[in-house]
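Here the structure is laid out as C-alpha cells; the discussion comes afterwards.
The values are calculated or read from the model by the stated rules, or taken from the named source; none is laboratory data. In this text the structure is predicted, and so the values were computed from the model without any measurement. A quick note on method: Cβ atoms are made from the backbone with ideal geometry, for glycine too, and the neighbour counts reach across all protein chains shown. Side chains are part of the model used for accessible areas, which takes the heavy atoms of the whole protein and leaves out ligands, DNA and RNA. Shrake-Rupley method; radii C 1.70, N 1.55, O 1.52, S 1.80 Å.
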Amino acid sequence: MLDKRLQSLGRHGVDFITGAGRAGALLIGALKPAGRGLKLLPLLIKQLYIVGVQSLIIIVVSGLFIGMVLSLQGYTILVGYGAEQSLGQMVALSLLRELGPVVSALLFAGRAGSALTAEIGLMKSNEQLSSLEMMAIDPLHQVIAPRFWAGIISLPLLSAIFSTVGILGGHLVGVDWLGVDTGAFWSVMQASVEWQEDIVNGGIKSLVFAVVVTWIALHKGYDAVPTSEGISKATTSTVVQSSLAILGLDFVLTALMFG
Amino acid sequence: MISSDNIIEISNLHFSREERAIYQDINLKVPRGKVTAIMGPSGIGKTTLLRLIGGQLKPSSGAIEFDGDDITQCNRKQLYKVRRKMGMLFQSGALFTEMSVFDNIAFPIREHTDLSESIIRKIVLMKLEAVGLRGAAKLFPSELSGGMARRAALARSIALDPELIMYDEPFAGQDPISMGVIVRLIRELNDALGLTSIVVSHDVEEVLSIADYVYIVANKTVIAHGTPEQLRHESSEQVIQFMQGKPDGPVPFHFPSDDYKKDIFNNA
Amino acid sequence: MISKRIELMVGLFLLAGISAILVLGIKVADSQLGGNSASYQLTAKFDNIGGLKVRSAIKVGGVVVGRVSSISLDEDFSPNVTMDIDTQYNQFPDSSSVAILTSGLLGEQFIGLTPGFVDEETELLTNGDAIEDTRSAMVLEDLIGQFLYGSNDD
Ligand SMILES: Nc1ncnc2c1ncn2[C@@H]1O[C@H](COP(=O)(O)OP(=O)(O)OP(=O)(O)O)[C@@H](O)[C@H]1O
Ligand SMILES: [Mg+2]
C-alpha cells in the first residue's frame, strides 16, 4: 500500500520534472535567435491580431465595469469618512497596482491562453507540427516563437488599456453620477499615483504574467495528448494553472514591490 | 558510399513504443531512383517506419543510413539539413489549416528558397495542375473533401522536388479516377525527376502496378520482399494471405490480445 | 499573405496600448516623463516626521512644488529631510517655514511649505540651504495624551 503510494509519488515527481524540462526546452527553442527575423514579422503580426486585438473587447468592457464598480463601492465607503475626494486615488491605485495586471491576465488566460493551447494541440493532432519538422522547419520557430512574443507584447498593453478604461469608468460613476468634484478626483489621484512605484511596478507585474501565461499555454498545447480529450484537458489545465500562477505570483511580486 | 545504389539502408533496427516492440531486427533497403512499396497490415508500424526514416522517432538500436548519413546519430541541426532532401505525405494530409491551398504549397518554397513570388506562383500552379486541383487554389483546407486534401498535401510534399518522397497511404479516399491519376503521378515524378519514392499502402493492386520493389512487413519485421512479379509467385502462406486479403492465416488481423473467450467471460 | 485590415488593426492596437501607457503616465501619475526637470535641494530638520516618506509631496498652498528625496537621522537623532524643489519655484525667502501635514484625517503626509515675509535682510533660499523654521508631524497618540493630561489639569 505504502509502496504503491511511494511509487506513484515518485512517478508524479519524475513526470513533473520531465514536464518542466520540456517546458524549458520549449522556451529556449522559441527564444533562440533563429536568424530569420524578417520572415517572423508577418507571423508575429498575425498572432498579435489573434492574441491582442481579439482580446481587446473583453478587456475594455471588463475594465469599464470594474472601474465603475470600484468607484461605486469606494464612494459608499469613503463618504462615511467624508473622504470621497480620495475616490480617484482609490480607483487609480487599485487598478494600477492590482486589478489591472491581475484581472487582465486572468481574462487573457481564459480568452487567448486557452485558444493558444487548443490551436497548438490541434496542429499537433493533425500532424501539422510533424509535417513542419519533415519540411525541415522547426515548429518552435515557426509556430511557438511568434505566439510567445505576441503574448508578451499584448498583455502589458491590454493591461494598460484595462487600467485606463477602468479609471475612466470610475470617473464616469464617481464624478458624472455621484457628483464627486472632478478637480479633486484627478488632483488627488495625480498627487498619490507615482510613475515608478505604481505604473512601472504594475507594468512589471503584467509582463511577468504575460510570460507565464503564454508559456503555460504554449507548453500545454505542445505537450498535449493529440486527441480531442487530450486537447480539452490541456485547455482546461492551461486556464487553471495560469490562473493559479497569476494569483500566486501576484502575491510574491506585491510582497517584493510594496512590502 | 554516396554512389551507393541504395538511398536508404536500414539495418538491425529495433524500436518499441512504451513496452510494446514494434520492430525487432528489421533490415530494409530502398534502391535509389526506384519506387519502393511497403505493405503490411494496419497498425503494424508502417507510419512509424517512415517517421523513423525522417528522424522524428529514435530507434532503441540499429542504424538508418540515408544518403550516407546515419539518421539515428544526427543531431537536431544535421537532421534538419537531411530532411531538406525528403518530402513526406502524411497519412492525415496535415495541411496548414490557417492557409489557403495555394499558400500551403507555396509555404515550403517560400521558407527554403529565395525565389520571386511570380516564379513561386508558377511552381505552385504546376504542382496543383498535376494533382488536378488548380481550380481549388483559393480554397482553405476545411473546404476540401478528404480526397482533395490528400491530393493538395501530395502537391505540397513534392513542392521542392526532394530526392526522396515518402507517401503514407496516398490512395486512401480517392475515387478510381484520381487514384489512377495519383498512381501515374507517382510513377512519372519518380522517372522524370529521378526521385526515389517510398509508397506505404494497402491497395495491393495499385501498389504492385507501380512499385519496382515491394516489402511486406508483419510480425515486427520484413516477412517478404522482392519485385511485384516475384511476390505474385511467392509461395509463403503469409504473403498469399496478405495479397489476397484472407482473414484467416498466419498474419494476425487482430491487435495482440489475450484469448478472446477468456477475455469475454472473465468479467462476467 | 496577411490582409491589410489585420495589419491596420494590429497597428491601431499597438497605438491604443502605447497611448494608454502615456495617459497613465501623464494624466494619472502626472509625472514629467523623462523631464526629471532641474531641481534644487533644501533640507529641514524635524523632531518627528511621523509617516513622511521619500517621494512625499512638498506643497505650497496645495500646489506640489517638489518631493522629498531622502530622509536621514542626524547625530543628535533628529530626522533630517532633504527636499527636491522644482527650479521653477526658486523664489522662497529664508524666512519660509515647513510643516508636516496630513491630507484629510487619515490621508498621506506631506510637507507644507509656507513662504515667509520678505524684507531687506531676507535672502532667497538656494541649493543646499536649510529651512530653520519647522513644525513636526502631529502624532495622534501624543495628541490624545495631551488631551487626556490637559483635561486632568483643568
Ligand atoms: N504516439 C503513439 N504512442 C504510442 N503508440 C503508438 C503511437 N503511434 C502509434 N502507436 C502504435 O504503434 C503501432 C504502429 O503504428 P503505425 O501508425 O505505424 O501503424 P501503421 O502501420 O501505419 O497502421 P495504418 O496502416 O493503420 O496506418 C500501432 O500499434 C500503434 O498502436
Ligand atoms: Mg499509418
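Checking every residue in segment B:89-101 against the condition of being in contact with a Cys (Cβ under 9 Å, 6 or more places away or on another chain), away from ligand 2 (no atom under 16 Å from the Cβ) and either open to solvent by less than 40 Å² (accessible area, probe 1.4 Å) or in a loop (DSSP other than H, G, I, E, B) (or both) gives zero matches.
Checking each residue in segment A:47-75 for being open to solvent by 60 Å² or more (accessible area, probe 1.4 Å) and within 11 Å of chain C (Cβ to nearest Cβ) picks out only A:Gln54.
Tallying residues that are within 11 Å of ligand 2 (Cβ to nearest atom) and open to solvent by less than 20 Å² (accessible area, probe 1.4 Å) within segment B:41-64 yields 5. Tell me, please, whether a residue that is touching a residue at least 40 places away in the same chain (Cβ under 8 Å) and within 21 Å of B:Glu206 (Cα to Cα) can be found in segment B:60-81. No; the residues of segment B:60-81 include none that is touching a residue at least 40 places away in the same chain (Cβ under 8 Å) and within 21 Å of B:Glu206 (Cα to Cα).
The single condition among (1) at pLDDT 90 or above; (2) within 13 Å of chain A (Cβ to nearest Cβ); (3) within 22 Å of the chain's Cα centre (by Cα) that B:Gly93 does not satisfy is (1).
Residues checked against (1) within 11 Å of chain A (Cβ to nearest Cβ); (2) within 22 Å of B:Tyr167 (Cβ to Cβ):
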| residue | (1), (2) |
| --- | --- |
| B:Gly62 | no, no |
| B:Arg76 | yes, no |
| B:Leu79 | yes, yes |
| B:Phe107 | yes, yes |
| B:His112 | yes, yes |
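Could you list all residues from segment B:1-51 that are assigned to a strand (DSSP E or B), within 16 Å of ligand 1 (Cβ to nearest atom) and small (Gly, Ala, Ser)? B:Ser16, B:Ala21, B:Ala37 - these are the residues of segment B:1-51 that are assigned to a strand (DSSP E or B), within 16 Å of ligand 1 (Cβ to nearest atom) and small (Gly, Ala, Ser). B:Ile119 satisfies every condition listed in (1) part of a helix (DSSP H, G or I); (2) in contact with a helix residue (DSSP H, G or I) (Cβ under 7 Å, 6 or more places away or on another chain); (3) open to solvent by 60 Å² or more (accessible area, probe 1.4 Å); (4) among the aliphatic types (A, V, I, L, M) except (2).
Considering only residues that are of a type in the set (Gly, Ala, Ser) and touching a Phe, Trp or Tyr at 6+ places or on another chain (Cβ under 7 Å), look in segment C:88-136 and name the one that is farthest from A:Ala191 (Cα to Cα). I'd like the intermediate steps shown before the answer.
The first filter runs over segment C:88-136 and keeps only residues of a type in the set (Gly, Ala, Ser), leaving C:95-97, C:99, C:103-104, C:107, C:112, C:116, C:128, C:130, C:136.
From what is left, the residues that are touching a Phe, Trp or Tyr at 6+ places or on another chain (Cβ under 7 Å) are C:95, C:103, C:136.
Numbers: C:Ser95: 27, C:Ser103: 11, C:Ser136: 21 Å.
Filtering segment C:88-136 for residues that are of a type in the set (Gly, Ala, Ser) and touching a Phe, Trp or Tyr at 6+ places or on another chain (Cβ under 7 Å), the one farthest from A:Ala191 (Cα to Cα) comes out as C:Ser95.
Between A:Ser159, A:Ser163, the distinction of being crowded, with 24+ Cβ neighbours inside 10 Å, of a type in the set (Gly, Ala, Ser) and facing another protein chain (nearest Cβ under 8 Å) belongs to A:Ser163 only.
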